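Read the structure below first, then the notes.
The values are calculated or read from the model by the stated rules, or taken from the named source; none is laboratory data. The model shown is predicted, which means the values in this text are computed figures rather than measured ones. Cβ placement follows ideal geometry from the backbone for every residue including glycine, while neighbour counts extend to all protein chains displayed.
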Amino acid sequence: MVTITVHEDCGNAPKKLFLKNFLVAVTSLDRAFVARNTTDDIRWDLVGDQCISRKQDVLTALQRSRSDEVVELIINTIVTHGYNGAANGLLKFKDGKTVAFCDVYQFRASTNNAPIKAITTYAIALA
């Protein structure tokens with residue numbers, strides 16, 4: 001089971017709540033939620049590593065990177081505006097490793113229920 005810690009100001013607007021739920025879904029392996037809320041042509045750029053395109057490949061890679069090896073997700077900040085959003089925090093793994101991350105999201109539209117069409121992830125292993 002994954003421990004989820006979300007700072008208080010990360011859910012007081014519809015898009016902030018959506019991104020919080022998206023991060024929790026990825027970490028909790030809720031593939032159906034992630035699939036419903038991403039476009040078919042989604043692109044995930046892991047800066048300094050690889051860029052993944054196509055929904056099925058992105059879903060598989062997201063699950064692999066934030067999988068059952070994750071024991072804790074800490075969301076520090078979520079910011080959204082129009083077509084864009086960002087979230088940063090920590091992922092703690094079973095083996096003791098901690099990764100600091102910042103995900104930058106691009107939505108298909110500026111509406112509150114628009115699916116994600118691109119994610120850029122900056123990640124740094126801390127321990």
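Do we have Ala86 as farther than 26 Å from Met1 by Cβ, in a loop (DSSP other than H, G, I, E, B) and either over 12 Å from the mean Cα position of the chain (by Cα) or not basic (Lys, Arg) (or both) here?
On the way: farther than 26 Å from Met1 by Cβ: yes; in a loop (DSSP other than H, G, I, E, B): no; either over 12 Å from the mean Cα position of the chain (by Cα) or not basic (Lys, Arg) (or both): yes.
Here the answer is no, as Ala86 does not meet what is asked.
Need the failing condition index for Val2 against (1) within 21 Å of His81 (Cα to Cα); (2) at pLDDT below 90; (3) of a type outside the set (Ser, Thr, Tyr), just the number.
Among (1) within 21 Å of His81 (Cα to Cα); (2) at pLDDT below 90; (3) of a type outside the set (Ser, Thr, Tyr), the lone unmet condition for Val2 is (1).
Taking the stretch 89-127, which residues are under 23 Å from Met1 (Cα atoms), surrounded by 15 or more Cβ atoms within 10 Å (Cβ to Cβ) and of a type in the set (Lys, Arg)?
Lys92
Only one of these is hydroxyl-bearing (Ser, Thr, Tyr), closer than 20 Å to Ala125 by Cα and at pLDDT 90 or above: Thr38, Thr27, Thr77. Name it. If you could, list the steps in order and put the result at the bottom.
Details: Thr38 fails: closer than 20 Å to Ala125 by Cα; Thr27 fails: at pLDDT 90 or above.
Testing whether each residue is hydroxyl-bearing (Ser, Thr, Tyr), closer than 20 Å to Ala125 by Cα and at pLDDT 90 or above leaves just Thr77.
Evaluate the stretch 35-48: report whether one residue or more is in a strand (DSSP E or B) and among the basic types (Lys, Arg).
Step one: filter the stretch 35-48 for residues in a strand (DSSP E or B), giving 38-46.
From the residues that got through so far, the ones that are among the basic types (Lys, Arg) too are 43.
Checked against the condition, which is being in a strand (DSSP E or B) and among the basic types (Lys, Arg), the stretch 35-48 yields at least one hit.
Looking for something at pLDDT 95 or above, among the charged types (D, E, K, R) and not in a strand (DSSP E or B) - is there at least one such residue anywhere in the stretch 100-114?
yes
Contact list please: Cβ distance under 8 Å, first residue in the stretch 43-62 and farther than 23 Å from Ile124 by Cβ and among the aliphatic types (A, V, I, L, M), second residue part of a helix (DSSP H, G or I) and at pLDDT 90 or above, pairs at least six apart or on different chains.
Between residues of the stretch 43-62 that are farther than 23 Å from Ile124 by Cβ and among the aliphatic types (A, V, I, L, M) and residues that are part of a helix (DSSP H, G or I) and at pLDDT 90 or above, the close pairs are Leu59/Val34; Leu59/Ala35.
Six or more apart or on different chains, Cβ atoms under 7 Å: show the pairs whose first residue is in the stretch 1-22 and part of a helix (DSSP H, G or I) and whose second is surrounded by 15 or more Cβ atoms within 10 Å (Cβ to Cβ) and modelled with pLDDT under 75.
Short answer, once both residue conditions are applied: Lys16/Cys10; Leu17/Gly11; Lys20/Cys10; Lys20/Gly11.
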